[in-house]
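Taking it in order: structure first as structure tokens, then the write-up.
The values are calculated or read from the model by the stated rules, or taken from the named source; none is laboratory data. Here the structure is a predicted model, which is why all the values come from computation and not from measurement. Cβ: placed from backbone, ideal geometry, glycine included. Neighbour counts: every protein chain shown. The accessibility values were calculated without ligands, DNA or RNA, using every heavy atom of the protein model including side chains. Shrake-Rupley method; radii C 1.70, N 1.55, O 1.52, S 1.80 Å.
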Amino acid sequence: VQPPEKPLQAEEWKKLREDFQSPEIFEEVMLNSMIRCNSPTDVAKSLLTHLAKRNGDIAYNVLVKYLTLCVQQGQVSEICDVYDIMKVRFKILESGAYNLLIKGLSNSNQWRMALTLLEEVKKIMVPSRTCYESCIKAASRHQEMKLAFELYDEMLAKDVVPTLDVLQSFFDFSRGMKDAELQKELFGILLYLRENQIYPHKTFMRSIKLWFESIPGGNWRGHLTNIKHSGQCPVCNHQLEDSNLTEEEYSNLSERIIRDVIHGTDTFRKTTPQEFEAFQTFVENRLPFDIVIDGLNVSHIKTRKMQCENLFDAVNCLAKENARLLVLGRKHMLMNSSNWKREIMKEMQNKADFFFAENISEDDAFLLYATLRSGKHCKFVTRDFLRDHKACLPDSLTRHLFRKWQRGHQISKKNVFPVFSQQPPFCYDCVVQTTGDTWHIPYKDVFEEKYSYQVPRKWLCIQQK
């Protein structure tokens, strides 16, 4: 439907509606089209006037669509009018309408009204990320950094995860300010990146660098660099943190994971206690392994190859140094099929130990158990991120150790055809770190929505002269 270019009279709207193949959804389709074409609001308003005359009122979802158009165009007085109408007609609104109202108001000179609305939302639900971030950006734009950080802290306390965009805005809006309290808050954001193993993208990294260099009297200088394989920064000669856990950290972590994740309630959703016990016995009799491989996961690396060939390449490549390998497989791999050739499977079983689980089992618990029981040296291969297990770990210290262990022990595969090549884990820890007068921040070239265990090669070194 092509929306009209100027407001229409009731008769003209009536005629258009009658000519439309499904008149009962005409208004909805027409408003969607207006949003897409960014039609003038007075055109949409003439449709609403016609509707109100015809039906005596305007439905909630139609008002929300009109509101979307007003927010899109920053029509503040219209946004306020729609809110007044909604307030009278509906006791509470759903989150979509609140998101729109807060977003629209926070981008205007009425931004404090958005804060009032946010308080209203809190009485009935946890405000969405959009609501919080619209208010944070509005406060930051008006240099009210204390308020912006109060909202940010509240957001984190409610487990609402901030976008990199809003984290970057803190650095952009704080440029050139001399305020020790503010500085502490911004360092806190950098530690949040560390804690959650988040790698900023290039534009975010530049904002951090510019903020440091803009602190009055701070004498900070930032340089982009690549860390040497030894873990030394070529700019400031500082040695980065070791990626290895201490003996004590390792034993704490493995105890926690084996207790909370593996014997926790979630493991047996996809496997039976009997099967897991059989696996434990199998592992205990053959310990220790050097590398544990998620066989099914690795078998899907290259779609053009047979699954058993992908796994065969991986096993061959990793068995070269006489490493003791454990491959976690599935029982269906033993049935001679187009993807799983019996002779290739036999040959692999000469080079590695195999444990074949039921076809429905979840591999992660098996993978973690065998790797952790084998000791600190043991690495593992999977394309999964093991995100769920991190969520089962109750406190941030254990989560931090888990991620650090994962960074140092997960072998990531660069998909180089036709070789299965292995990128060895680093000996230094690839995470934001500071000594007080230096900061080292690993960053990615491009923004990535997804969590990734593939660590960046590029670093920002910031030092105080």
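What the table below lists for this structure:
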{"item": "For the range 207-349: relative contact order, % (alpha-carbon pairs under 8 angstrom, 6 or more apart)", "result": "14"}
{"item": "Over the range 247-416, volume per residue of the alpha carbon convex hull, in Å³", "result": "114"}
{"item": "Among Cys317, Ser251, Leu334 the positive-end extreme of the charge dipole of the range 247-416 (Cβ point charges)", "result": "Cys317"}
{"item": "Computed magnitude of the charge dipole of the chain (debye, nearest 20; Cβ of K, R +1, Cβ of D, E -1)", "result": "1080"}
{"item": "Per-pair calculated FRET efficiency, R0 = 35 Å: Lys228 and Lys351 via Cβ, rounded to 0.05", "result": "0.50"}
{"item": "Extreme residue, positive dipole direction of the chain, given options Gly188, Tyr369, Trp459 (C-beta unit charges)", "result": "Trp459"}
{"item": "Listed candidates (i) 32.4, 99; (ii) 24.9, 75; (iii) 28.7, 85 - label of the one calculated as Rg and Dmax of the Cα atoms in Å", "result": "(iii)"}
{"item": "With all protein chains modelled, accessible area of Ile25 [1.4 Å, Å²]", "result": "80"}
{"item": "Nearest-10 value in Å² for the accessible area of His377, using the 1.4 Å probe", "result": "80"}
{"item": "Nearest-20 debye value, the range 247-416 charge dipole, Cβ charges on Lys, Arg, Asp, Glu", "result": "720"}
{"item": "Accessible area in the full protein assembly, largest first, 1.4 Å probe, for Lys458, Lys123, Lys87", "result": "Lys123, Lys87, Lys458"}
{"item": "Theoretical ellipticity at 222 nm over the chain - DSSP helices of four or more residues, -39500 (n - 2.57) apiece, nearest 500", "result": "-15500 deg cm²/dmol"}
{"item": "Positive-end residue of Ile441, Ile136, Asn109, charge dipole of the chain with Cβ unit charges", "result": "Ile441"}
{"item": "Normalised contact order of the chain, rounded percent, pairs of Cα under 8 Å and 6 or more residues apart", "result": "15"}
{"item": "Largest to smallest accessible area among His201, His263 [probe 1.4 Å]", "result": "His263, His201"}
{"item": "Karplus (6.51, -1.76, 1.60) ³J(HN,Hα), θ = phi - 60°, over the range 83-89, in Hz, Gly and Pro reported as x", "result": "4, 4, 5, 5, 4, 6, 7"}
{"item": "Cα long-axis angle, helix 273-284 against the chain (0 to 90 degrees, to the nearest 10)", "result": "40"}
{"item": "Percent accessible area from carbon and sulfur atoms, the range 247-416, protein chains only, probe 1.4 Å", "result": "49"}
{"item": "List Ser230, Ser134, ordered by accessible area with a 1.4 Å probe, largest first", "result": "Ser230, Ser134"}
{"item": "Rounded to the nearest 10 Å², the accessible area of Arg221 at probe 1.4 Å", "result": "110"}
{"item": "In nm, spacing of pseudo-spin labels at Glu321 and Arg383 (7 Å Cα→C-beta vector)", "result": "2.4"}
{"item": "Binned Cα-Cα distances of the range 1-144, short to long, each 10 Å bin given as a whole percent", "result": "11, 40, 30, 15, 4, 0"}
{"item": "Charge dipole (debye, nearest 20) of the range 1-123; +1 at Cβ of Lys and Arg, -1 at Cβ of Asp and Glu", "result": "320"}
{"item": "Pair Lys341, Glu119: separation of 7 Å Cα→Cβ label points (nm)", "result": "7.3"}
{"item": "For the chain, accessible area per residue (1.4 Å probe, heavy atoms of protein chains only), Å²", "result": "48"}
{"item": "Summed residue charge, Cβ within 14 Å of Thr434's Cβ, Lys/Arg positive, Asp/Glu negative", "result": "-2"}
{"item": "Approximate spin-label separation Glu284-Glu247, in nm, with each point projected 7 Å along Cα-to-Cβ", "result": "2.4"}
